[in-house]
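Engineer: To start, I am sharing the structure in question, which I have written as structure tokens.
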Amino acid sequence: MDGHLRDRFEQATAGDPGAPPGELALAAITEGGRIRRRRHRLVAAGVAAGLVLAAGGLTAANLPWGAADRTATPPVTIAAAMVPVSAPSCSQSPVEDHATDLAVFLATEATDRQRDAVAAAVRDDARVDAVVFESRAEAYQRFATLWADSPDFVAAINADDLPESFRLRLTDPEHDAALRARFAAMPGVAQILGHRCPTDAPVGGLR
Amino acid sequence: MTDTSTVAPGPAVWSRARRRTKEARDQEFTAFVEAAGTRLRRSAYLMCRDWHLAQDLTQHTLAKMYASWDRVRTSASVEAYSRRVLMNVVFDQQRRHSGSEIVLADLPDRPDAGTTGAPELRVTLVDALARLDVRDRAVLVLRHAEDHSVETVAAILGLSVSAVKMRNARALERLRAQLGEDFLNR
């Protein structure tokens, strides 16, 4: 079935008018060169290079691709620095199933109404034992504390760059899959991370 | 190098060295575009249903990569990285022109201008894709048009593996609803 599906996608692009790759490269070099020069000027003006990175919508080039690679110390980049950090007593990498705690991150562009809908859903769900909401300001506080020794990073990020999140403790890890499916389907939810934690860990399993 | 003693040391050597670096960089970058450009443009087309826009999005993606090429070239997978940049460019574009999302969501009664004499099938799949949530569409394009593993798709889109599986299943279900059972099963 997969091969068949691939053929269908292949056929769908059969109308490709084509474009000489050399020209494409040249155009990208011209436009990319402008971005480079603008960035150099910004850096010269004392703005942290990381800001340009974050503003450009580029995420870290050196960010490990698979979760498996995360054991190696990643080179510190803005994107890596913004990755939520597991609480010390919880599983250090996010787990895919049977999590005791979930962190539900909202998209940075989520609307107030979407947030309120998610808030109501998590608060009214009997399978959720405890809920803590982390605002952008709180997320920023946490970020600033965590990266206190890299003032450039902290200066390059502002609260609006960080997502709001709901931190949940489940009544039973058996409910993990159903809850993830439920919340992931809600508009405004960007990502859900699960951790296995002892009962005395911070709700949500993140630092 | 030999003539530097007669010239003020520094700037002349520097600019020559810089020029050499730029040449090497441009060569390497051009080789990457030759290898990956067509695939990127086709994926961009599946995302936006317009070849001209796809070309623009691809160029913008490549420009961003070129601007950071010294860093990008050392990353574990330049290919996967380029998809990540492309999808971010597509998401940005969608957000900024959220009006066009409505246009895309409309039922098209005209044949796609870019694909002259396109068989019915071609219009149908791309139109069905256009009606999906943009991130669901990205999952399908990366997973099925580009044949990346679920794990790679998750890494590219910054989603969990289970979220990718869920979006994939949901999106295929919607495609099936629009295109008929035999689209997936025949």
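Just so it is clear, none of the values below were taken in a lab; they were calculated from the coordinates. What you see is a predicted model; the values in this text were computed from it and never measured. Cβ atoms come from the backbone with ideal geometry, glycine included; neighbour counts cover every protein chain shown.
Engineer: What shape does segment A:83-195 have by the C-alpha gyration tensor, where a ≥ b ≥ c are the square roots of the eigenvalues, rounded means a/c under 1.5, and otherwise prolate means a/b greater than b/c and oblate the rest?
Structural biologist: Here segment A:83-195 falls in the oblate category.
Engineer: So what J values fall out for segment B:142-151 if you push phi through Karplus, 6.51 cos²θ - 1.76 cosθ + 1.60 with θ = phi - 60°, rounded to Hz, Gly and Pro as x?
Structural biologist: Once rounded to whole Hz, the list reads 5, 6, 9, 7, 9, 6, 7, 5, 4, 5.
Engineer: Then there is this: Using modelled backbone amide H atoms (1.01 Å from N, in-plane), which distant-in-sequence or interchain residues come within less than 5 Å of A:PHE133's amide H?
Structural biologist: A:ARG167
Engineer: Can you figure out the FRET efficiency of A:ASP124 with A:ASP149, using R₀ = 45 Å and their beta-carbon distance, to the nearest 0.05?
Structural biologist: E(calc), rounded to 0.05, equals 0.60.
Engineer: Calculate, for A:ASP97 and B:ARG95, the FRET efficiency according to 1/(1 + (r/R0)^6) with r their C-beta to C-beta distance and R0 41 Å; round to the nearest 0.05.
Structural biologist: Result of the calculation: an efficiency of 0.80.
Engineer: Given a Förster distance of 51 angstrom, what is the FRET efficiency for B:GLN27 paired with A:ALA178, based on the Cβ-Cβ distance and rounded to 0.05?
Structural biologist: FRET efficiency, B:GLN27 to A:ALA178: 0.45.
Engineer: Taking each residue of B:23-36 in turn, how many C-beta atoms of other protein chains fall within 10 Å of its C-beta, and what is the average?
Structural biologist: Mean partner shielding for this stretch: 3.
Engineer: Something else: Per residue of A:182-194, what is the mean number of Cβ atoms on other protein chains within 10 angstrom of that residue's Cβ?
Structural biologist: 2
Engineer: What percent does the relative contact order of segment A:83-195 come to when contacts are Cα pairs within less than 8 Å and at least six residues apart?
Structural biologist: 51
Engineer: What residues qualify as long-range amide H neighbours of A:GLN191, i.e. H under 5 Å apart, gap of 5 or more or another chain, H built at 1.01 Å from N?
Structural biologist: Under 5 Å from the amide H of A:GLN191: A:PHE105.
Engineer: Moving on to the next point. Just to check I understand the Karplus step: with θ = phi - 60° and J = 6.51 cos²θ - 1.76 cosθ + 1.60, what whole-Hz values come out for segment B:154-162, glycine and proline as x?
Structural biologist: 4, 5, 5, 8, x, 10, 7, 4, 5
Engineer: Something else: Need the full-extension length gain, A:ARG6 to A:GLN141, defined as separation in residues times 0.36 nm minus the C-alpha distance. One decimal, nm.
Structural biologist: Difference between extended and current length: 44.0 nm.
Engineer: Need one number: nm distance between label points at B:GLN178 and B:HIS52, each 7 Å from Cα along Cα→Cβ, rounded to one decimal.
Structural biologist: Label-label distance for B:GLN178 and B:HIS52, simple model: 2.3 nm.
Engineer: Residue by residue through B:163-171, how many Cβ atoms from other chains fall within 10 Å of the Cβ on average?
Structural biologist: Across B:163-171, the average partner-chain Cβ count within 10 Å equals 2.
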